[in-house]
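J.: Mind having a look at this structure? Questions to follow.
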Amino acid sequence: MVDVSLSQALNAYQSAQRTANSGGTAGADTLSSAQSAVPGFWQVLEKNVNDAVNTQYRGEAAGVASLSNKVSPTDLSIAINNAELTLRTITSIRDRVISAYQDIIKMPV
């Protein structure tokens, strides 16, 4: 079994994207105008990772605030459940990215 980290998979994707972007210039004007209107993969990824990190911070902050009775048990439970769900989602996405990368590596050239 190949052990692949998420950063290696993302680097491979970025390399493939650069290769695809550098080949051929037909329709480059249409492509560049479409790309400027739609956020790129890395922008979407960065936004979602930042949202996940902020959810984790809110869960931790609710836990700390609950020690001084500043947060109701209901709000604490909701914050912790949201943080747990976010962590499970990120872990699932990471596993799927690594699995897809491993499948791509196994393809014959």
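The values are calculated or read from the model by the stated rules, or taken from the named source; none is laboratory data. Because the structure is a prediction, the values reported are computed rather than measured. Every residue, glycine among them, receives a Cβ derived from its backbone with ideal geometry; neighbour counts consider all protein chains shown.
J.: Do we find that PRO73 is modelled with pLDDT under 90 and either out of contact with any strand residue (DSSP E or B) (no Cβ under 6 Å at 6 or more places or on another chain) or surrounded by 13 or more Cβ atoms within 10 Å (Cβ to Cβ) (or both) in this structure?
T.: Taking the combined requirement at face value, the residue does not satisfy it.
J.: Looking at ILE105, ILE98, ILE90, can you tell me which residue is over 22 Å from ASN48 (Cβ atoms), in contact (Cβ under 8 Å) with a residue 24 or more places away in the chain and of a type in the set (A, V, I, L, M, F, W, C)?
T.: None of the other options fit; the residue is ILE105.
J.: In segment 37-56, is there at least one residue being small (Gly, Ala, Ser), farther than 30 Å from VAL109 by Cβ and at pLDDT 70 or above?
T.: Scanning segment 37-56 turns up at least one residue that is small (Gly, Ala, Ser), farther than 30 Å from VAL109 by Cβ and at pLDDT 70 or above.
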